[in-house]
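Working notes for the structure below.
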Amino acid sequence: MTEKVDLSSVSETMLVPLYARAIESKKENPEFIDKTAIHVMDNLDYDFKKRFKQSTNKLNFWGCSARTVILDREAKNFIDKNPECTVINIACGLDDRFTRVDNGQIQWYNIDFQEVINLREKLIKTNPRVKNIASSAMDFKWIDQIDDKENVLIIAEGFLMYLDEHEVKELFDKISESFTNMELLIELMAEWMVKNQKVHDTTRTTGAVFKWGVKDGKDFERLCPEFRLIAEYNLTDKMKDYSPIFIRIISPFLKSRNNRIAKYEKMQI
């Protein structure tokens, strides 16, 4: 029996990357294999093909796959250097990155709204080192449930664009105050896309609204000076692997408008 989906527009946006990961995983030579995405998609009473047509969502799907590759790689790099670390996935949706990067030692926390956590617990296999916390990211009580607040990796994928600038600063000021020896892996939307969001597949399909974007990774550093930019990865560079000719042709146009994954470390005082 499949699980019915009744979600708000922002929560529904989590189904786009889920579908993208499942599509990539079913390819003959996939960049990654996400068995959880396939399982969840097959067990949801939701018409993915009708709701998110590949003909009109192709760039969005490539972007979701590209960010999965980048975030998995960078999360693994952090875990390799900090094998007993704590990883916190804010606004986790139905992503199962834990399974893709687990080393058998890490502690993992998934943070999202109650309706999302309910779905996770019905559809995604549990693990004693994974804790699901039903909470808005902006209700900071979730921080009290994190046992080890040192050697922490914070992941925020497909989330910050739905907050306003004040909320972004408030969130990361609180995170900085609460954790030590920390890195961030966060997805940043281009300021251009926020201003021109009607052209984006996700807002057209779900009705969600983008609120915050940046010109580059330094904008976040200026907003939250307790963090230092280490590296940033524009999704366009990885998307070239999915359609080399097309993406290379539009690359100069796309790169300034595309999302990026930015990596920051907390400044030591």
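Using a Gaussian network model of the chain with C-alpha springs under 10 Å, which one of THR13, THR205, THR68 is most mobile by mean-square fluctuation?
Comparing THR13, THR205, THR68 in a Gaussian network model of the chain, the most mobile one is THR205.
In nanometres, what is the gap between the two model label sites at SER178 and LYS76, each 7 Å from Cα along Cα-to-Cβ?
Result for the modelled spin labels: 2.9 nm.
Given the options PRO17, PRO128, PRO252, which has the most mean-square fluctuation in a GNM of the chain, springs set between C-alpha atoms less than 10 angstrom apart?
PRO128
Is any helix in the chain, taking whole DSSP H runs, at least 24 angstrom long along its axis by alpha carbon and on average at least -1.0 on the Kyte-Doolittle scale, and which ones?
Going by DSSP H runs, the hits are 54-81.
Got a number for carbon plus sulfur as a percent of region 1-140's accessible area, 1.4 Å probe?
Its accessible area is 47 percent carbon and sulfur atoms.
Counting heavy atoms of the protein chains only and a 1.4 Å probe, report the per residue accessible area for region 134-231 as a whole number of Å².
Each residue of region 134-231 exposes 44 Å² on average to a 1.4 Å probe.
Can you tell which of ASP147, ASP173, ASP72 shows the greatest fluctuation in a Gaussian network model of the chain with Cα springs below 10 Å?
Among ASP147, ASP173, ASP72, the largest GNM mean-square fluctuation belongs to ASP147.
Compute the Cα gyration tensor for region 188-269, then decide on rounded, prolate or oblate, letting a ≥ b ≥ c be the square roots of its eigenvalues: rounded whenever a/c is under 1.5, prolate when a/b is larger than b/c in the other cases, and oblate in all that remain.
It is oblate, given that a/c is not under 1.5 and a/b is not larger than b/c.
Starting from the Cα of LYS131, draw a straight line to each of the lysines and keep only those under 26 Å, dropping any in the same chain fewer than 8 residues away.
The qualifying lysines are LYS4, LYS35, LYS76, LYS81, LYS122, LYS141, LYS149, LYS169, LYS174, LYS263, LYS266.
Would you mind working out the accessible area per residue for region 31-87, using a 1.4 Å probe, and quoting it in Å²?
Computed with neighbouring chains in place, this is 50 Å² per residue.
Classify region 1-120 as rounded, prolate or oblate from the Cα gyration tensor: take a ≥ b ≥ c as the square roots of its eigenvalues, call it rounded if a/c is under 1.5, otherwise prolate when a/b beats b/c and oblate if not.
oblate
Under the rule of -39500 (n - 2.57) per DSSP H run of 4 or more residues, summed and divided by the residues of the chain, what mean residue ellipticity at 222 nm is obtained, to the nearest 500 deg cm²/dmol?
Dividing the helical sum by the residues of the chain leaves -12500 deg cm²/dmol.
Using a 1.4 Å probe over the heavy atoms of the protein chains, calculate the carbon and sulfur portion of the accessible area of region 155-196 as a whole percent.
45 percent
What shape does the chain have by the C-alpha gyration tensor, where a ≥ b ≥ c are the square roots of the eigenvalues, rounded means a/c under 1.5, and otherwise prolate means a/b greater than b/c and oblate the rest?
rounded
The values are calculated or read from the model by the stated rules, or taken from the named source; none is laboratory data. Please read all numbers here as calculations on a predicted model, not as lab measurements. Positions of Cβ are generated from backbone atoms using ideal geometry, with glycine treated the same way; all protein chains shown enter the neighbour counts. Heavy atoms of the whole protein, side chains included, go into the accessibility calculation; ligands, DNA and RNA do not. Shrake-Rupley method; radii C 1.70, N 1.55, O 1.52, S 1.80 Å.
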